[in-house]
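Please treat every number below as a calculation from the coordinates, not as lab data. Values in this document were obtained by computation on a predicted structure and should not be read as measured data. So basically every Cβ, Gly included, is an ideal-geometry build from the backbone, and we count neighbours across all protein chains shown.
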Amino acid sequence: MLLYSTENSILQFIDNENFTNRNIRLFVKRDDLIDLEVSGNKWRKLKFNIEQVKVLKKEGVLTFGGAFSNHLVATATACFKAGIKSVGIVRGEELNEYSNETLIRCSQMGMYLKFVSREEYRLKNDKLYHSELSDEFKNHYIVPEGGANFYGMVGCQEIINEIDIQYDSVFVAQGTTTTSCGILLSLPDHTKLHLVPVLKGFDSHTEMRNLLNYSFFDEEMTEELLAKTVVHSDYHFGGYANYNSDLIQFIQKFSKTYQIPLDQVYTGKAMYALFSEVEKGNLDNQTIVFVHTGGIQGAKFLEEKEGIILNQF
Ligand SMILES: *Cc1c(COP(=O)(O)O)cnc(C)c1O
């Protein structure tokens, strides 16, 4: 089922004098161009999950998210387009379907929103809770928060399979690790995967180990894969959705120069990390692919709430 074509996701060369002087070539894999709302990796992660809905003859998808979740909007929109139902379990009993643009959009796309306490939300991966939800929302296929499951990972393998140049390193922002694990599974030999976790104190390898082992039950393979990764844990800017003026200025300058939008939650931090590592001389003589995971909603939110415009071109 092809709801969104990934044809638009081009590989764009970044022309930068400093990079050229260091014999570095940088390309951006523009998954942000797949779709505005079902952006980037969110569609990659949903694709095979939505296919499962059809295979298992379910009526719709039930999933989980916070008040500003890119994943919730993406799920609502993709399900609407696929002609199936969607249910969102939202963290925060004080919220309603008019609380913000994300939630308004979700309900416009026909998603039924159930607002639960933080306590209840913590049960999001609990089997018993899932069976309770299945009683309430009959015949729905349950997708974890952030699309973080086997099918989500498999969908992200396609990102790498679409790249037809030779390269030494890949850079990507990391949330649940689903995208990075998918990329890692398809990564060519002798290539490094550079991870930029956007959460503070995030244990990348433990999280990836869990997802990979749970999916393949092959610990040896998991360790071999993890050996190909480099974790850059110092670019979270204080934690999820945190930022400072340094990051804002970097994004503004980058987007203006290269006409590529970034957000302050994910891709801005990852690109900032890449440029900093270049400055430190850690990437000389390399061809690098930056996977642009999309998610420009974060930037729009900043514009609406704080009046800070990140992307102007
Ligand atoms: C959700 C999201 C991520 C995180 O991806 P994971 O698969 O959860 O690691 C990265 N970038 C953007 C733009 C996102 O919206």
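Residue pairs whose Cβ atoms lie under 6 Å apart, separated by 6 or more positions or on different chains, with the first residue in segment 159-176 and in contact (Cβ under 8 Å) with a residue 24 or more places away in the chain and the second away from the ligand (no atom under 13 Å from the Cβ) and charged (D, E, K, R), are S169/K192. Out of (1) of a type outside the set (K, R); (2) within 26 Å of Y167 (Cβ to Cβ); (3) more than 13 Å from the ligand (Cβ to nearest atom), the odd one out for L262 is which? For L262, the exception is condition (3). Quick one: is M208 among the hydrophobic types (A, V, I, L, M, F, W, C) and surrounded by fewer than 17 Cβ atoms within 10 Å (Cβ to Cβ)? So M208 fails the test.
If only residues of segment 162-196 that are charged (D, E, K, R) and in contact with a strand residue (DSSP E or B) (Cβ under 7 Å, 6 or more places away or on another chain) are counted, the one that is farthest from the ligand (Cβ to nearest atom) is D168. Scan segment 25-45 and report the pairs whose first residue is closer than 15 Å to F80 by Cβ and whose second residue is more than 12 Å from the ligand (Cβ to nearest atom) and of a type in the set (K, R), with Cβ atoms within less than 9 Å and a gap of 6+ or a chain change. Partner pairs satisfying both residue conditions: E37/R105; V38/K81. Residues considered: T229, T191, T179. Of these, the only one that is touching a Cys at 6+ places or on another chain (Cβ under 6 Å), in contact (Cβ under 8 Å) with a residue 12 or more places away in the chain and closer than 23 Å to A273 by Cα is T179.
Only one of the listed residues (D203, D263, D246) is of a type in the set (D, E, K, R) and loosely packed, with under 13 Cβ neighbours inside 10 Å. That residue is D246.
Selection of segment 135-161 for residues being within 18 Å of K54 (Cβ to Cβ) and either away from the ligand (no atom under 16 Å from the Cβ) or small (G, A, S) (or both) yields F137, K138, N139, H140, Y141, I142, G147, G152, G155. Taking segment 92-112 as the range and being touching a strand residue (DSSP E or B) at 6+ places or on another chain (Cβ under 7 Å) and closer than 23 Å to D263 by Cα as the test, the residues that pass are L103, C106.
Restricting attention to segment 115-147 and to residues that are in contact with a helix residue (DSSP H, G or I) (Cβ under 6 Å, 6 or more places away or on another chain) and touching a residue at least 12 places away in the same chain (Cβ under 8 Å), the residue that is surrounded by the most Cβ atoms within 10 Å (Cβ to Cβ) turns out to be G147.
Look at L113 and say whether it is within 23 Å of the chain's Cα centre (by Cα), assigned to a loop (DSSP other than H, G, I, E, B) and away from the ligand (no atom under 16 Å from the Cβ). No; evaluated as a whole, the condition is false for this residue.
Considering segment 131-198, the qualifying strands (runs of 3 or more DSSP E), each wholly inside and each with 2 or more residues that are among the aliphatic types (A, V, I, L, M), run over 169-174, 192-197. Annotation: L128 fulfils all but one of (1) within 15 Å of the chain's Cα centre (by Cα); (2) of a type in the set (A, V, I, L, M, F, W, C); (3) more than 23 Å from G175 (Cβ to Cβ); the unmet one is (1).
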